[in-house]
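What follows is a short report on a single structure.
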Amino acid sequence: MKLRSRQSISQGIGRGTVAMLAITLCTALAAPRLAVAQTETVLYSFCSVGNCNDGAFPVGGLVADTTGNLYGATLYGGASTSNWVGGGVVFKLTPAGDESVLYSFHNGVPLDGYWPYGPFTMDAQGNLYGTTERGGPHSIHVSRGDGIALKVSPDGTETILHSFGAFNSDGVQPMGGMVIDAKGNIYGTTFFGGANIVGTLFKLTANGVETVLHNFANNGVDGYYPSTSPIMDKNGNLYGTTGSGGSGAVGTVFELTAKGRYGILHNFSGERDGEIPSSTLTLDSQGNLYGSTYRGSGTCCTDPNEGTVFKLTPSSNGSWQETVLYNFTNQTGNCQHPASNVVFGASGNLYGTANYGGAWGGGCLFEISPAGEFTVLHAFGQGTDGVGPTGNLVFYEGNLYGTTTGGGESSQGTVFKFTPQK
């Protein structure tokens, strides 16, 4: 069963089709290795309480606190409805799998947000920060609100930090999460709006004062329609992706330095190096960036358009070199369309998920070793397992945690746990 998140659909159709030399050898396309004697556990199935007051369709992924509790959001459900159509929830899940709803969004209440697509992030005090694509008092571009940035305290109190669409050139419809710097400033992107109507990169102070740092442009050079969360390095430089635009017209990786200088680090071509970067980036200790593209053929495929995992390496002259670490193919049983971030395990292995494919058609959890060996750790879609993993993964104390947008006891999504072999 193939499931698509709203984000992947919006990147592929509508809104303008959001959609360097790679060095991976063709031999990397050999059939993936299958892991043995490793078990996935469904920690929680949404809508399993007889209704969907507990949420439905978790699309953004997870964040963990220091004691192993997991936090995330669902696109639909919540206490304001008796079915899955609600505006979504922010939830907490204990290591034992006990879920509690911290906040329910109220679909149809103008001042409140609803439809949280992106992941939430957490500060040292346990406050959660995120966005909703709709809701709020302003409706410059869409009805029922242009979206909000918000904070949810540990006791479940929601604070609206900014309502997008507050002025004509403001960004609207944020679809990614946010990142916090050491001073408590918050950074994120909007998918739409801004001076050029194709998205913004913004900064919010802890009190919610907004500054638009960059207006993306559909000009054949810049990227546009950003839908993933930016990340920040130790020097305060921001990195992110756009799902369209650039010289190849199918997405970019960009940087905004701490001094305010904006630049494109990589233009995806739509062929050998992938297209439509679909995930939050990951930064290693050497300053390399890692991510995935939802589509694209990689270095050696005959059809595939099934996506890639890539690495960007900075050079001394300021340029960045892309390497395709793995090419997903459309062969039967193979994983297709990676949609999560990739995260590092203790041994230097990379872990991620693909939205489709696998032995049961419900997507895959995979591993890429430092030597480039690709292993399918788990194929989703059998029995009451989840299907369609999309959101950010968390690696915590030797375990991987993530979400699926479908499957589970009520077909409304799951939170899962997987313990890789040492």
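Observations on the model:
- Gly220 under 23 Å from Pro116 (Cβ atoms) and at pLDDT 95 or above: no
- Among the residues making up segment 151-179, those that are part of a strand (DSSP E or B) and over 24 Å from Ala339 (Cβ atoms) are Lys151, Val152, Glu158, Thr159, Ile160, Leu161, His162, Ser163.
- Segment 267-289, subset of a type in the set (S, T, N, Q), surrounded by fewer than 24 Cβ atoms within 10 Å (Cβ to Cβ) and assigned to a loop (DSSP other than H, G, I, E, B), residue nearest to the chain's Cα centre (by Cα): Asn288
- Which listed residue, of Asp112, Asp181, Asp170, is within 22 Å of the chain's Cα centre (by Cα), of a type in the set (Asp, Glu) and surrounded by fewer than 24 Cβ atoms within 10 Å (Cβ to Cβ): Asp181
- Considering only residues in segment 23-76 that are aromatic (Phe, Trp, Tyr) and not in a loop (DSSP other than H, G, I, E, B), the one that is modelled with the lowest pLDDT turns out to be Tyr76.
- Within segment 122-158, restricting attention to residues that are under 21 Å from Ala195 (Cβ atoms) and surrounded by fewer than 24 Cβ atoms within 10 Å (Cβ to Cβ), the residue that is modelled with the highest pLDDT is His138.
- Failed criterion for Pro119 (all others in (1) surrounded by 24 or more Cβ atoms within 10 Å (Cβ to Cβ); (2) under 19 Å from Thr200 (Cα atoms); (3) touching an Asp or Glu at 6+ places or on another chain (Cβ under 9 Å) hold): (3)
- In segment 363-390, the residues that are under 13 Å from Asn334 (Cβ atoms) and small (Gly, Ala, Ser): Gly363, Ala379
- So Glu255, is it out of contact with any helix residue (DSSP H, G or I) (no Cβ under 7 Å at 6 or more places or on another chain), over 19 Å from Thr200 (Cβ atoms) and of a type in the set (Asp, Glu): no
- Filtering segment 218-232 to residues that are closer than 11 Å to Val250 by Cα and assigned to a strand (DSSP E or B) leaves Gly223, Tyr224.
- Residue match in segment 197-217 (condition: part of a loop (DSSP other than H, G, I, E, B), within 18 Å of Gly113 (Cα to Cα) and of a type in the set (Ser, Thr, Tyr)): no
- Of the residues making up segment 80-92, those that are surrounded by fewer than 23 Cβ atoms within 10 Å (Cβ to Cβ) and either at pLDDT 90 or above or over 21 Å from Ala149 (Cα atoms) (or both) are Thr81, Ser82, Asn83, Trp84, Val85, Lys92.
- From the list Ser292, Ser297, the one residue that fits, being modelled with pLDDT under 85, of a type in the set (S, T, N, Q), within 19 Å of Ser244 (Cα to Cα) and surrounded by 20 or more Cβ atoms within 10 Å (Cβ to Cβ), is Ser297.
- Among the residues of segment 328-359, those that are modelled with pLDDT under 90 and either crowded, with 24+ Cβ neighbours inside 10 Å or of a type in the set (Val, Ile, Thr) (or both) comprise Thr329, Thr332, Ala339.
- Inclusion of Gly388 among residues that are in a strand (DSSP E or B) and either modelled with pLDDT under 95 or closer than 26 Å to Gly270 by Cβ (or both) is warranted.
- Subset of segment 236-266 [modelled with pLDDT of 95 or more, aliphatic (A, V, I, L, M) and not in a strand (DSSP E or B)]: Ala258
- In segment 360-373, residue nearest to Ala339 (Cα to Cα) [restricted to those that are modelled with pLDDT under 95 and among the hydrophobic types (A, V, I, L, M, F, W, C)]: Trp360
The values are calculated or read from the model by the stated rules, or taken from the named source; none is laboratory data. The structure presented is a predicted model; accordingly, all values stated were derived computationally and were not measured. A quick note on method: Cβ atoms are made from the backbone with ideal geometry, for glycine too, and the neighbour counts reach across all protein chains shown.
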